[in-house]
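The values are calculated or read from the model by the stated rules, or taken from the named source; none is laboratory data. Model, not experiment: these values are computed from the prediction. All Cβ positions, glycine included, derive from the backbone under ideal geometry; neighbour counts span all protein chains shown.
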Amino acid sequence: MRRAMLVTVAATVGLAIPAQAGSVAPTALVTVFASQIRAIKAASGTPPVLLPSSLPLGLKVVYPQGGPTHTGYDISLGAVRNCGEADACFVADFIATRGGTLFGKPVKVRGASKAAYRGLACGASCSPPQIDFVVDGIVYTFQANLTTRDDRTTLVDAARQAISAGAR
């Protein structure tokens, strides 16, 4: 549902969404989130920012938002400015919290003490695929509308890459 609504909103506001995955380069997350990362680092007691270098999101332009929270951080990407993580414009979310619950089926992620993956889930609305993983007692969650055929492998690789890259 989010993906269908995203295409509808994107078409309405004139964003280019490619017909085929791979026609748009993966989104360079560290560059896109540069100001959010600075704000998180400046906040007292926030966990390290773990992000993969990029993700295949299929959009030429994304709009970052978010920053530190009282338990960690929450940064996201929208297809339009000030999306606010609404279903219609949601692209991706990257969250870190001290403590918390992992959702989905257990998976192995090198460098994580625990990890779980949950695929696209639809009920009254749809939630994109997500991976939760624990590093040094902090639960990291990556949730994204991806342009890959194997979301599980893509998100497991993203978590592994983020851990390997270390704090941003």
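The table below gives the values:
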quantity: Residue ID - farthest from the chain's Cα centre (by Cα), chosen from residues in the stretch 60-78 that are modelled with pLDDT under 95 and under 16 Å from A43 (Cβ atoms); calculated: H70
quantity: Members of the stretch 47-102 found to be small (G, A, S), in a loop (DSSP other than H, G, I, E, B) and within 15 Å of A162 (Cβ to Cβ), listed by number; calculated: S53
quantity: Selected residue (criterion: farthest from the chain's Cα centre (by Cα)) from residues of the stretch 145-159 that are modelled with pLDDT under 95 and buried (at least 20 other Cβ atoms within 10 Å of the Cβ); calculated: T147
quantity: Test: residue in the stretch 161-168 that is modelled with pLDDT under 95 and surrounded by 14 or more Cβ atoms within 10 Å (Cβ to Cβ); calculated: yes
quantity: Answer residue from the stretch 40-76, given it is buried (at least 16 other Cβ atoms within 10 Å of the Cβ), among the small types (G, A, S) and without any contact (Cβ under 8 Å) to a residue 40 or more places away in the chain and is nearest to A112 (Cα to Cα) among those; calculated: S54
quantity: Cβ-Cβ under 7 Å pairs, at least 6 apart or on other chains, the stretch 128-142 side over 16 Å from I75 (Cα atoms), far side β-branched (V, I, T) and surrounded by 20 or more Cβ atoms within 10 Å (Cβ to Cβ); calculated: F133/V109
quantity: S125 being farther than 27 Å from A34 by Cβ, in contact with an Asp or Glu (Cβ under 9 Å, 6 or more places away or on another chain), surrounded by fewer than 13 Cβ atoms within 10 Å (Cβ to Cβ) and at pLDDT below 90; calculated: yes
